[in-house]
Ligand SMILES: NC(=O)CC[C@H](N)C(=O)O
């Protein structure tokens, strides 16, 4: 049972991906959703990290999801979701769960490259299509336990550490569901 954070951003596409894979899921919108359902995994979608961060606090969900992440529940963070999990954001003072030993740069590709697609090799999967939207990248990994899974143009765009898997890009926006499948299989 996967809980998808559904406060803002591209959560519905993750739910569609899970539906296609036949995975039971629920939307996390308020505390009651986590009282009714116990997630075996969590997806933090793309969107606007500052907005999602504010809504996490105003809904009271922040502490509860923080506890779940720290207790080892698997988490997939895509784009803004990756920003929410990072311990450091190099060009922003705001911090959120501070769970993963990565230094992330927000909006790292600048205005011209607001949105683009690419194909690269993802460790353990193979070549995958990737959609980037005002994407962050991982500027630096800050612990040797962080495993780099994908690079594009010398920048790290996917990595894993402990119970966390993060991507700069949006695997839910292509028909290729192998990143979701990887999360389900390996985590
Ligand atoms: N597609 C996305 O999730 C973009 C992330 C967004 N630019 C942020 O900084 O939060």
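None of the figures in this text is laboratory data; all of them are computed from the coordinates on show. These numbers were taken from a predicted model, which means no experiment stands behind them. Virtual Cβ from ideal backbone geometry, glycine too; neighbours counted across all protein chains shown.
Details
- Residue order, fewest to most beta carbons within 10 Å, for 26, 116: 116, 26
- CD proxy at 222 nm, helix term only [per DSSP H run n ≥ 4: -39500 (n - 2.57); per residue of the chain; nearest 500]: -7500 deg cm²/dmol
- Sequence of 174, 78 once ranked by neighbouring C-beta atoms within 10 Å, starting from the fewest: 174, 78
- If you take the Cα centroid of segment 40-114 and the Cα centroid of segment 121-187, the two points sit 15 Å apart.
- The antiparallel fraction among DSSP beta bridges confined to the chain stands at about 55%.
- Burial ordering of 117, 64, 79, 150, fewest other beta-carbon atoms within 10 Å first: 117, 64, 150, 79
- Taking 46, 77, 22 as the candidate residues, the one with maximal mean-square fluctuation in a Gaussian network model of the chain, Cα springs under 10 Å, is 22.
- Comparing 47, 124, 72 in a Gaussian network model of the chain, where Cα atoms under 10 Å apart are tied by springs, the biggest mean-square fluctuation is seen for 124.
- Based on C-alpha pairs under 8 angstrom that are at least 6 apart in sequence, segment 2-186 has a relative contact order of 18 percent.
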